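What follows is a single structure, written as structure tokens, with notes after it.
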Amino acid sequence: MSTPTDHPTTLLLPGQAAAPPGPCDLGGMYLMHHAFRRDLRDLRAAAEHTPLDDRATWRALGVRWTRFAHHLHEHHSVEDRVLWPLLHERVAAAGDEQAGAVLEAMAAEHALIDPLLEKCAERFERLLAVPDPEALAGLPALLAETRAVLDDHLSHEEREAVALVQRYVGAGEWEELERTEFRGRPSLTELRFQLPWMVHEVPGEVVTGLVRAAGPVFALVLRLSRRRFLRDHAAAFRHVP
């Protein structure tokens, strides 16, 4: 179990429910949460406003949906496979029954989200195959429901599960989990989407601090990839008011 000493500065982004203090730097998790919330907001608006016969825009939206869903699936998979079992072991050893209930809720909430993502994916697949009015008709409401359910889960995680991370995981241990599990081993092509995607609409002073802390390689990849990301983003969401 960690002993609080000097805690890193907590990151509180727009839409984020909480940032419990502690030894672990959870900035990467919060950036992902911000990106998930933002993309579902934009995808819902795009589904509502994009004309069915604008096939180029729907193809761009299909690519963005696939990338969003991939990163959300990977994020939840690592939590289910690594983080929640680790915390279950720690809270059981401490006899912390209330914490155990929080962790059970995390897994149950993931199980609510996955079927909604599958329904959204099926609608996108149909729309990419043919301009199907029936597939489009319920998509905005389905994306809005998915966003609400996901936001409830992320907010619960930020308020309660993150507090358990800060209580039961040490700073060095979290850094190792980030390096070996949460970040994975993305290719350069994947990074050229992921880095600008993660910082899109993040306050400028936060991005500046991230670039400074991450070093020159991060700064270079972000600089070289941001223009293409913004071009693809504009192509997907060109009809969003």
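Take the Cα of residue 114, step 7 Å toward its Cβ, do the same at residue 70, and the gap between the two points is 2.0 nm.
For region 160-238, a simple Cβ point-charge model (Lys and Arg +1, Asp and Glu -1, everything else neutral) yields a dipole of about 600 debye relative to the Cα centre. Let me have the relative contact order for region 34-176, percent, based on Cα pairs under 8 Å that are six or more residues apart. This gives 38 percent for region 34-176. Classified by the C-alpha gyration tensor, region 69-194 has an oblate form. Its axis ratio a/c, with a ≥ b ≥ c, is 1.5 or above, and a/b does not exceed b/c. In a fully extended conformation the segment linking residue 191 and residue 214 would gain 6.9 nm over its present Cα-Cα distance, using 0.36 nm per residue. The modelled label-to-label distance for the pair residue 129/residue 89, using points 7 Å beyond Cα in the direction of Cβ, is 4.4 nm. Translational diffusion of the chain, estimated by Stokes-Einstein from the Kirkwood radius over alpha carbon pairs at 25 °C in a medium of 0.890 mPa s, is 128 µm² per second. Rolling a 1.4 angstrom probe over the protein heavy atoms with all chains in place gives region 15-60 an accessible area of 31 Å² per residue. Computed with a 1.4 Å probe on the full set of protein chains, the accessible area for residue 176 sits at about 90 Å². The fraction of accessible area contributed by carbon and sulfur in the chain is 54 percent, rounded to a whole number (1.4 Å probe; ligands and nucleic acids excluded). Highest GNM mean-square fluctuation among 114, 42, 53, for the chain modelled with Cα contacts below 10 Å: 53.
The listed residues 179, 44, once ranked by accessible area (1.4 Å probe) with the largest placed first, stand as 179, 44.
Ranked from largest to smallest solvent-accessible area, with a 1.4 Å probe on the protein heavy atoms, 7, 34 come out as 7, 34.
The values are calculated or read from the model by the stated rules, or taken from the named source; none is laboratory data. All values reported here derive from a predicted model rather than from experimental measurement. Cβ sites come from the backbone with ideal geometry, for glycine too, and all protein chains shown count toward neighbours. To get the accessible areas, we keep the full protein, side chains included, count just its heavy atoms, and leave off ligands, DNA and RNA. Shrake-Rupley method; radii C 1.70, N 1.55, O 1.52, S 1.80 Å.
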